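Participant: There's a structure below that I have some questions on.
Each reported figure results from applying straightforward, stated rules to the coordinates on display, with no laboratory input. Because the structure is a prediction, the values reported are computed rather than measured. Glycine also receives a Cβ, built like all others from the backbone with ideal geometry; neighbour counts cover every protein chain displayed.
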Amino acid sequence: MARWVSHRTDSTSKALIAHALSLGCKYHGQDGTIDGILWCPDGRIVEIDWKSKGGDLTPGQSKLISQGWHQIRFVSDVAQLEQLVKESR
């Protein structure tokens, strides 16, 4: 039996990843419940998921949060990304 996997694509990820790189971050994409791992200039590692405006958590993300994975950051815009990087300095 074939198992179909559907990944929702947000409209913000490419621009936000490009902006993160311009801020000196490094990004490693994941193919799973979260979008990727962001390495901030000070060496801080952040589990990150790019969200379109009004985007909801996926069932898998909700499950992680309910299990205590509160360090995952959900970012929808440049201001949130800049604040995240600023917090790491």
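Participant: Using a cut-off of 15 Å between beta-carbons, work out the net charge of the residues near K63 (Lys and Arg +1, Asp and Glu -1, K63 not included).
Facilitator: Local charge sum for K63: -3.
Participant: Can you work out D for the chain in µm² s⁻¹ from Stokes-Einstein, where Rh is the Kirkwood radius over C-alpha pairs, the temperature is 20 °C and the viscosity is 1.002 mPa s?
Facilitator: 157
Participant: Report, for segment 13-87, the % of DSSP beta bridges that are antiparallel, rounded to 5.
Facilitator: 75
Participant: Another one. How much mean residue ellipticity at 222 nm does the chain get from its helices, if each DSSP H run of length 4 or more adds -39500 (n - 2.57) and you divide by all residues, to the nearest 500 deg cm²/dmol?
Facilitator: -9000 deg cm²/dmol
Participant: Going by Cα centres, segment 64-89 and segment 19-48 are how many Å apart?
Facilitator: With segment 64-89 and segment 19-48 each reduced to a Cα centre, they are spaced 10 Å.
Participant: Can you give the charge dipole size of segment 13-87 about its Cα centre, rounded to the nearest 20 debye, using +1 on the beta carbon of Lys and Arg and -1 on the beta carbon of Asp and Glu?
Facilitator: Dipole of segment 13-87, to the nearest 20 debye: 20 debye.
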